[in-house]
């Protein structure tokens, strides 16, 4: 067992014991994680959305950009809807009602699986590719229930932020793949 495997649980246990309400502390931790993911997504997106995907034919580049931009915007919209439904973030059924067995949940699943498909296809790193393969699921209903059934809204928003972060990561992978492709074209000439 690595040192971090002792330290992190110890810190979380200490923080839970030091507060009056463990559920308040857990909610606070989720909100902090969500804020960190959102800042990361915002900074990466502000850079990468301005980048053109090079190295691919225009049709492929436009398709890749469309998939990634569509997913990114959709994740932000879902987070905003969750916020509007439950400002405190404590309801256990808000995410479930919004996303399980609904067209919005279907779209969330489809957007994310398309992002993971791009990560699998364009990742040069076999470990990263394997991570995306493990994240990809075929059973939409099971996946939605796993992530959003009886989950407090603040946790659901954090999950959607994590999906946005995955999208930003895949955007960088696709951009790198395009640069590799362009480099190979130049070298072969």
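Here the extension length gained between residue 172 and residue 106 equals 21.2 nm, from 0.36 nm per residue of separation less the Cα-Cα distance. Here 109, 75, 132 are placed in order of increasing Cβ neighbour count within 10 Å, fewest first, which gives 109, 132, 75. Here region 111-125 and region 50-110 have alpha carbon centers that stand 15 Å from each other.
Suppose R0 equals 25 Å. What FRET efficiency, 1/(1 + (r/R0)^6) with r the Cβ-Cβ distance, do residue 189 and residue 60 give to the nearest 0.05? It comes to 0.80. Going by neighbour counts of Cβ atoms within 10 Å, the residues 87, 180 line up, fewest first, as 87, 180. Counting neighbouring Cβ atoms within 10 Å and putting the fewest first, the residues 79, 149 line up as 149, 79. With both labels modelled 7 Å from their Cα along Cα-to-Cβ, the residue 128 to residue 113 distance reads 2.4 nm.
Report the extension gain between residue 139 and residue 31 in nm, rounded to one decimal, defined as 0.36 nm multiplied by the number of residues separating them, less their alpha carbon distance. Working shown, then result.
Details: separation 108, 0.36 × 108 = 38.88 nm, distance 2.85 nm.
Computed gain between residue 139 and residue 31 is 36.0 nm.
A short reminder: the numbers here are calculations on the coordinates, not readings from a lab. Computed from a prediction, not measured in an experiment: that's the story for all the values here. Backbone-built Cβ (ideal geometry, glycine too); neighbour counts: all protein chains shown.
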